[in-house]
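Trainee: Provided herewith is a single structure, encoded as structure tokens, for subsequent inquiry.
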Amino acid sequence: MKNIQMLTLVIALFSFISCNQAQKKVMNTSEKKETAQVLLLSLAGDTLQPVVKTDAQWQAELTEMEYYVLRKAGTERAFTSELLNVKDKGIYTCAGCNLPLFSSDTKFNSGTGWPSFWQPIRPEHIIDKVDKSYGMVRIENVCARCGGHLGHVFEDGPKPTGLRYCMNGAALKFVKTEEN
């Protein structure tokens, strides 16, 4: 009986030590993620700081539709965006903070009614979040600089990435560039 109790004690102690070591690894990984800084760059290549504003400031600076989409995670109606059929060369920036998000070189006609892209300018400019609204599980995209809701990404896009960044036009501004 003493052997069973001793064995149980050794197993319990070993389990405690193992769990404690695993927890330390998780905590260290989380600490590294929190302290790691993401490099956000403007069109000119300047380093950008995060944009933090009050709800009242956002309401005063954005149009009603921009506020609804960017700050309340709303969705504009399909086929209503002025940016849907833009074919000019340029850059699509966040309507809230002007962070460069997409190039016209990666835009494509997805037939969904929203501007769609197969790749962001810099992956670190967009943050992916799990969105479980409306009884679905989707990946929401938000601006890494101001936290504004942009749209969602799906795995039914064209090559080479196979991704479709389905963006609300109200969340974007278009900056035309000169063609060569």
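Trainee: In terms of the Cα gyration tensor, with a ≥ b ≥ c the square roots of its eigenvalues, is region 69-121 rounded because a/c is under 1.5, prolate because a/b exceeds b/c, or oblate?
Mentor: oblate
Trainee: For region 29-180, what class follows from the C-alpha gyration tensor (a ≥ b ≥ c being the square roots of its eigenvalues): rounded when a/c is under 1.5, otherwise prolate if a/b is larger than b/c, else oblate?
Mentor: Note, shape of region 29-180 comes out rounded.
Trainee: Between beta-carbons, use under 11 Å as the cut-off and find the net charge around Gly96, counting Lys and Arg +1, Asp and Glu -1.
Mentor: Values: positive: Lys53, Arg71, Arg145, Lys173; negative: Glu61, Glu66.
Here the charged neighbours net out to +2.
Trainee: Listed highest first by mean packing, meaning other Cβ atoms within 10 Å per residue, what order do 111-122, 156-167 come in?
Mentor: 111-122, 156-167
Trainee: Moving on. Checking the a/c ratio against 1.5 first, then a/b against b/c, what shape does the Cα gyration tensor give for region 99-166?
Mentor: Numbers: a/c = 1.78, a/b = 1.10, b/c = 1.61.
Oblate is the answer for region 99-166, as a/c is 1.5 or above yet b/c matches or exceeds a/b.
Trainee: Further question: Hey, can you grab everything whose amide H is under 5 Å from the amide H of Leu101? Only 5+ residues off in sequence or another chain; H modelled, so Pro and N-termini drop out.
Mentor: Counting only residues 5 or more places away or on other chains, the set is Tyr92, Thr93, Cys94.
Trainee: Long-range amide H contacts for Gly148: which residues qualify at under 5 Å (H placed 1.01 Å from N, peptide plane, sequence gap of 5 or more or a different chain)?
Mentor: When sequence neighbours closer than 5 places are left aside, the close amide H contacts are Cys143.
Trainee: Residue by residue through region 96-103, what is 3J(HN,Hα) from phi via Karplus (6.51 cos²θ - 1.76 cosθ + 1.60, θ = phi - 60°)? Round to whole Hz and write x for glycine and proline.
Mentor: Result, ordered by residue: x, 9, 6, 5, x, 10, 9, 9 Hz.
None of the figures in this text is laboratory data; all of them are computed from the coordinates on show. Given the structure is predicted, the values throughout are model-derived calculations rather than measurements. Methodologically, a virtual Cβ is constructed for each residue, glycine included, from the backbone with ideal geometry; neighbour enumeration extends over all protein chains shown.
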